[in-house]
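The values are calculated or read from the model by the stated rules, or taken from the named source; none is laboratory data. This structure is a prediction, so every number in the text was calculated from the model and none was measured. Don't worry about glycine lacking a Cβ; one is built from the backbone with ideal geometry, like all the others, and counts go over all protein chains shown. These area figures cover heavy atoms from the full protein model, side chains too; ligands, DNA and RNA do not enter into them. Shrake-Rupley method; radii C 1.70, N 1.55, O 1.52, S 1.80 Å.
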Amino acid sequence: MRRLLLLLVWTSLFAAPAPSLAQTRAPDLAQLSIEDLMRIEVTSAGRKRQPLTDVAAAAFVITHDDIRRSGMTSIPDLLRMAPGVDVAQIDSSKWAVTVRGFNGLYANKLLVLVDGRSVYNRLFSGAIWDANDLMLDDVDRIEVIRGPGAAMWGANAMNGVINIVTKSAADTQGGLVRVDAGRSGQQGGIRYGGTRGEARYRVYAQWTEREQSLIAPGTRADDASRSLTTGFRTDWGHKAETFSFDGRFTAGRARGLWTNFDSLTAANQPFAADPSDSHGGHLLGRWTHTRAGGQSLKVQSFVDLSHRHEPVGEHERRAFDIDTQYRATYRARHDIVVGAGYRFVDEKLTGRVGVSLVPPENRSSLVTGFIQDEIAFFGKRLAITLGSQIQYDSDIGTGVQPTARAMWKGLPNQRLWVATSRSLRTPALTSRGIRLEYPPIAGPGGLPLFITLLGDPAAKTERFVDAEAGYRLEIGTTGSIDVTGFVGHYSDLATREVQASVVQFVPSPRILVTTRLANELAATTRGLEVVGVWAPVPSWRLDGSYTLFDLTPHLSATSRDPVAKFEDGRAPRQQWRVRSSFSPAAHATVNIAVSHVGPLELLLVEAYTRADINMEVRFTDRLSVMAIGQNLFKAAHFEFGGADALVKATQVPRSAGVRLRWTF
């Protein structure tokens, strides 16, 4: 960690003598044509640049202009724009984010990447969002792939892939200062980018402080948080070679209402406001060699270190990853991408009262290889993509994850695609070795009831097979519509099997109940996702989306899990969102977003509708002010329930704030 800090300081010194350059402003996409919007390139679906309209998957892009216009200050809040993505704020600094069901604090069927670097945490099988407090001014776009991406990205990309792509150093030249202040918290960021020889660089720092949410209207939850993020990125190139090197360090402290595992006080206080401390960082290097004719070779490697102290224990993680991929064309018909990778992860959990992991430390290696061939037919009007990933996990064994996709481009303004995939989710370390001793509650006859949750050392890999179909239509020059339908079947999903209770009389009368993790649940899902864009005039764009989702759990006859059969009540059946981006003058924008989320019956969360409004005025090309209002319909509302048992969900309050942005 000390080396990482020294490197950041060195980079700052390296930056000092660089000349000041004018800030590069991203194009205002609200003024681009529908055709331009559909030609936005994405890289996450096939590990290569593809126009959005030609991706044979349910792809959606949140552009930098969308990010700036939203007035949001966190990645999870930005993901509310994407159809099919279920975003729920749990408390001031924690979110539950998933795609197509199974949401939770550690939603475990979604792979999250930052510039191709996985931030998937294997201890919990999920992303820890507050540990990725990125400077949004430097985010170029967020690519959201709904549906399996395992053939390209490996296990755990079961329900979708989110790839956060940051800008190159060349696109962030000059200085920037941004300050957000309001009822929900404060955030400030400063960045400077310059040139030295053929290299471009930027250094940056961001401070985030989130105010307390609410237990009930007028009652604070004591869950405030603060974090500091600093980092750098350099890019340089010579002829066919390009190099990129970046690093980031984040330290934070957050309070929250965590389950109190201290049995001496838990009977009357199931949740206690405890602090969490975390710090960590990464270094990433990437080399790309490009030849004429579309051939390219890319090698990427990173090291990742993190330490997290939470009321349930301390988690230390060290990871090393190297990934290579090669792309070539063959006889003008085949577009082949092939690659291999290796990852080593060393993780250690030191549990506290009532929490332990057996064994407390785990070292695992992962070896992967993949190949994908996109084959063109009928003058490239039909493209069939076949691919698969095979991996060897030192803990789990070998897994194969194939996919087959086809896209028909019979008419220039229409696309029709179908796909089927098989994907896997490896069990989390906690699924195999956790031991949780919950605080006692009142049991039958007034006896205290002690519940213990045990992991399963033989936990199985969860499996998923799905089929998707989509249709895209550009309606003249002013509109577009994108429709996706899907069905899928899960097997070997995790359950909590309740064992027979035992009455114990020593040292005092009590009832003991043991719950063991197992794989006794299957489920079928189906749904419909519709995305529409209408831009009747250059200064106004209207975006809308609708999501219909259905999950039917199938619990095995031998299962004694009392909750799994209600898993369908964890996801909203319907969601919709409408967003208006209006530029009444060259120096002003007005943005309104209204969204509705259906009830979460299992979590006892009522349906809610939220409205976010902001207006930005640019006084000069370099100075702007934005007034921001969020959650305007209600004083506060729940977005998630307390079924995760570790953290108590709180209410998201109405808020207002101001953003000042200055470039130089």
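Karplus couplings for region 548-557 from phi (6.51 cos²θ - 1.76 cosθ + 1.60, θ = phi - 60°), rounded to Hz, Gly and Pro as x?
3J(HN,Hα) across region 548-557, in whole Hz: 10, 9, 9, 10, 10, x, 10, 7, 5, 5.
Among T324, S356, P584, which residue has its Cα positioned farthest towards the positive end of the charge dipole of the chain, with +1 placed on the Cβ of Lys and Arg, -1 on the Cβ of Asp and Glu, and the dipole taken about the Cα centre?
Of the candidates, T324 comes out farthest on the positive side.
R0 = 41 Å: FRET efficiency of H289 with K460, Cβ-based, nearest 0.05?
E(calc), rounded to 0.05, equals 0.50.
Around H637, which amide H atoms from residues at least 5 apart in sequence, or from another chain, sit under 5 Å from its own amide H, with H modelled in the peptide plane?
So H637 has HN proximity to V652.
Please report, as a whole percent, how much of the solvent-accessible surface of region 432-522 comes from carbon and sulfur atoms (probe radius 1.4 Å).
65 percent
Helix 2-15 against the longest principal axis of the chain: what's the angle in degrees, Cα atoms only, rounded to the nearest 10?
Here the helix axis deviates by roughly 20 degrees.
Near K348, which aspartates and glutamates are there with a Cα under 12 Å away, not counting those fewer than 8 places off in the same chain?
Of all the aspartates and glutamates, those that pass the test against K348 - Cα under 12 Å, at least 8 places apart if same chain - are E314, E316, E361.
Calculate one ³J(HN,Hα) per residue across region 334-351 by plugging θ = phi - 60° into the Karplus curve 6.51 cos²θ - 1.76 cosθ + 1.60, and present them in order as whole Hz with x for glycine and proline.
My calculation for region 334-351 gives 9, 10, 9, 10, 9, x, 8, x, 9, 9, 10, 10, 10, 10, 9, 10, 9, x Hz in order.
Just how large is the dipole of region 91-222 about the Cα centre, in debye to the nearest 20, putting +1 at every Lys and Arg Cβ and -1 at every Asp and Glu Cβ?
With Lys and Arg at +1 and Asp and Glu at -1, about 260 debye.
In vacuo Debye scattering of region 143-227, one point per C-alpha: log10 I(q)/I(0) at q = 0.16, 0.23, 0.25 Å⁻¹?
Listed by q, the Debye log ratios stand at -0.90, -0.95, -1.03.
Counting other Cβ atoms within 10 Å, which GluC sites (Glu not before Pro) in region 159-261 have at most 14 and lie in a DSSP loop?
In loop regions of region 159-261 (DSSP not H, G, I, E or B), the sparsely surrounded GluC sites (Glu not before Pro) are E198.
Considering amide H positions built from the backbone, and no H for Pro or chain starts, which residues 5 or more places from V139, or on another chain, come under 5 Å of its amide H?
Result for V139 returns K167.
Before anything else, pin down the relative contact order of region 179-278: Cα pairs under 8 Å, at least 6 apart, normalised by residue count, whole percent.
Across region 179-278, relative contact order equals 20 percent.
Cα to Cα, under 25 Å, and not fewer than 8 places away if on the same chain: which lysines meet these conditions relative to K409?
Within the straight-line cut-off, K409 pairs with K48, K380.
Say each of F566 and L449 gets a label point 7 Å from the Cα, pointing the same way as Cα to Cβ; how far apart are those two points in nm?
Between F566 and L449, the label points sit 1.3 nm apart.
List the relative contact order of the chain as a percent without decimals, with contacts defined as Cα pairs under 8 Å and 6+ residues apart.
In percent, rounded to a whole number, it is 12.
Which one of L366, V506, P599 has its Cα pushed farthest toward the positive end of the charge dipole of the chain, where Lys and Arg give +1 and Asp and Glu give -1 at the Cβ?
Value: L366.
Pull up all non-local amide H partners of L283: gap of 5 or more, or a different chain, and H-to-H distance under 5 Å with H placed in the peptide plane.
Long-range HN contacts for L283: V303.
Using Cα centres only, tell me the gap between region 519-581 and region 353-427 in whole Å.
First find each Cα centre; the distance between them is then 22 Å.
Distance from a point 7 Å along Cα→Cβ of V503 to each backbone N in region 447-478: keep the residues under 16 Å and list them by number.
What the label zone holds, given the 16 Å backbone N cut-off, is 447-450.
Could you derive backbone 3J(HN,Hα) for region 393-401 from the dihedral phi with the Karplus parameters 6.51, -1.76 and 1.60 (θ = phi - 60°), listing whole Hz in sequence and x where the residue is Gly or Pro?
Per-residue couplings from phi come out as 10, 5, 8, 10, x, 9, x, 10, 9 Hz.
Taking Rh as the Kirkwood radius computed over C-alpha pairs, what is the Stokes-Einstein D of the chain at 25 °C in a medium of viscosity 0.890 mPa s, expressed in µm² per second?
Once the numbers are plugged in, D ends up at 94 µm²/s.
Evaluate the relative contact order of region 387-532 (contact order divided by residue number), counting alpha-carbon pairs under 8 angstrom at least 6 apart; express in whole percent.
Normalised by residue count, the contact order of region 387-532 is 21 percent.
How big is the charge dipole of region 232-355 about its Cα centre, in debye rounded to the nearest 20, if each Lys and Arg gets +1 on its Cβ and each Asp and Glu gets -1 on its Cβ?
680 debye
As I understand it, the dipole of the chain uses +1 on the Cβ of Lys and Arg and -1 on the Cβ of Asp and Glu, about the Cα centre. Which of L176, V531, T250 lies farthest toward its positive end?
L176
Counting each DSSP H run of 4 or more residues in the chain as -39500 (n - 2.57), what helix-only mean residue ellipticity at 222 nm follows after dividing by all residues, to the nearest 500 deg cm²/dmol?
Roughly -1500 deg cm²/dmol at 222 nm, from the helical runs in the chain.
Can you tell me the dipole magnitude for the chain around its Cα centre, using point charges on the Cβ only (Lys, Arg +1; Asp, Glu -1), in Debye to the nearest 20?
Dipole size: approximately 1000 debye.
In square angstrom, what is the accessible area per residue of the chain with a 1.4 angstrom probe?
That works out to 41 Å² per residue.
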